[in-house]
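Take a look at the structure set out below.
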Amino acid sequence: MKLNLKNPLIFFDLETTGMNIASDRIVEIAYLKIYPDGREEIMTYRVNPTIPIPKDITEIHGISDEDVKDAPTFNEIAKTLVKNFEGCDFAGFNSNKFDLPLLAEEFLRANVDFDLKKRKVIDVQVIFYKKEQRTLSAAYRFYCDKDLTNAHNAEVDTRATYEVLQAQLDRYPDLLNDVGKLSEYSTHKRSVDFAGRIVYNDKGEEIFNFGKYNGQTVVSVLTKDPAYYSWMMNGDFPQYTKNVLTAIKSKNFNKK
């Protein structure tokens, strides 16, 4: 099914040095840009992460330190990416939990202003899990009747994700061909930060979504345990999460 688009939609996939949003880095980014008129553009960047790529990670995606030693750093391509992403919505596979938070961290580290929170995001994996409970390779076989060869190649995974979403729209009549509705459907919770450490409750209040204060409002926690703020700011949390926490603290505790 042809996607019903108002804005260009970016399907993207990252290969990285690991799975830690706060400390790992991108080594490859591929994106497929679908325009409302059906035109397609695809681009792949190898990226020098400036940190070593663990051997066990290289065994997964096949990208070694040698492969990226002469590649540009993310800082060097960040402004180009922002220019190409301007006015676009996004889609990916497991993008809400990993790819999007890590991409946001890289933009923050590069001091490039690009607020991904303002974009609609479709997570094809969430749709898949709600409907069938499988992996990307299984999703590709199930929906597209094809075997996904060369998985963990960013460009291959990106195009497969695009094809899976098209097939999902064909298969499920209740899925509306609308980026906004697909974005809502493929979101587990209303996250305040990308990593989902802070989410909104039914009243629209920011609450912690982890740890000993899970389910409690951020304001109430910072009121009774002010040191929790310092613990998080000094902890291994994504910078975007720290920025969100600081904004909540400033809004509620720095009033005159």
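Looking at the stretch 221-248 only, could you name the residues that are at pLDDT 95 or above, of a type in the set (D, E, K, R) and farther than 19 Å from Val112 by Cα?
Within the stretch 221-248, Lys224, Asp225 meet the criteria.
Mind listing whichever residues of the stretch 126-173 are touching a helix residue (DSSP H, G or I) at 6+ places or on another chain (Cβ under 9 Å) and among the basic types (Lys, Arg)?
Lys130, Lys131, Arg134, Lys146, Arg171
Just to be sure before I move on: is Ile42 part of a loop (DSSP other than H, G, I, E, B), in the same structural domain as Asn96 (by TED's automatic domain parsing) and farther than 25 Å from Lys242 by Cβ in the structure I sent?
Criteria not met by Ile42.
Within the stretch 46-79, track down each residue that is touching a strand residue (DSSP E or B) at 6+ places or on another chain (Cβ under 7 Å) and basic (Lys, Arg).
Within the stretch 46-79, the first condition is being touching a strand residue (DSSP E or B) at 6+ places or on another chain (Cβ under 7 Å), and the residues that meet it are 46-50, 53, 61, 63, 67-69, 71-74, 77.
Within the stretch 46-79, Arg46, Lys69 qualify.
Only one residue in Ala78, Ala104, Ala91 is in contact with a helix residue (DSSP H, G or I) (Cβ under 7 Å, 6 or more places away or on another chain), crowded, with 16+ Cβ neighbours inside 10 Å, under 21 Å from Ala160 (Cβ atoms) and of a type in the set (A, V, I, L, M, F, W, C), so which one is that?
Ala91
Which of the residues that make up the stretch 88-104 are over 22 Å from Ala139 (Cβ atoms) and either outside the structural domain of Val124 (by TED's automatic domain parsing) or modelled with pLDDT under 95 (or both)? It would help to see each step written out before you state the result.
Our first condition is that a residue be over 22 Å from Ala139 (Cβ atoms); within the stretch 88-104, this holds for 88, 104.
Answer for the stretch 88-104, where residues must be over 22 Å from Ala139 (Cβ atoms) and either outside the structural domain of Val124 (by TED's automatic domain parsing) or modelled with pLDDT under 95 (or both): just Ala104.
Residues being touching a strand residue (DSSP E or B) at 6+ places or on another chain (Cβ under 9 Å) and either crowded, with 18+ Cβ neighbours inside 10 Å or within 28 Å of Phe237 (Cβ to Cβ) (or both): count how many of those fall in the stretch 12-45.
Final tally of qualifying residues: 17.
Test of understanding: among Val112, Val179, Val121, which residue is touching a Phe, Trp or Tyr at 6+ places or on another chain (Cβ under 6 Å) and of a type in the set (Val, Ile, Thr)?
Val121
Given the criteria over 21 Å from Phe237 (Cα atoms) and modelled with pLDDT of 95 or more, does Leu9 qualify?
Yes, satisfied.
I'm checking my understanding of the structure. Among residues of the stretch 12-54 that are at pLDDT below 95 and aliphatic (A, V, I, L, M), which one is farthest from Leu103 (Cα to Cα)?
Step by step, filter the stretch 12-54, then rank; the result is Met19.
If the Cβ limit is 6 Å and pairs must be 6+ apart or interchain, which residue in the stretch 116-138 that is closer than 13 Å to Val179 by Cβ and assigned by TED's automatic domain parsing to the domain that holds Lys33 pairs with which residue that is among the small types (Gly, Ala, Ser) and surrounded by fewer than 17 Cβ atoms within 10 Å (Cβ to Cβ)?
That search, which allows pairs on different chains as well, returns Lys120/Gly180.
Considering Asn177, Asn96, Asn111, which residue is in a loop (DSSP other than H, G, I, E, B) and more than 19 Å from Glu40 (Cβ to Cβ)?
Asn111 is the lone residue from the list that is in a loop (DSSP other than H, G, I, E, B) and more than 19 Å from Glu40 (Cβ to Cβ).
Just checking, how many residues over the stretch 220-238 are buried (at least 16 other Cβ atoms within 10 Å of the Cβ) and part of a helix (DSSP H, G or I)?
Number of matching residues: 5.
Those residues that are over 24 Å from Thr246 (Cα atoms) and surrounded by 20 or more Cβ atoms within 10 Å (Cβ to Cβ), I need them from the stretch 177-214; list them, please.
Val179, Leu182, Ser186, listed by residue number.
The values are calculated or read from the model by the stated rules, or taken from the named source; none is laboratory data. None of these values were measured; they are calculated from a predicted model. Glycine also receives a Cβ, built like all others from the backbone with ideal geometry; neighbour counts cover every protein chain displayed.
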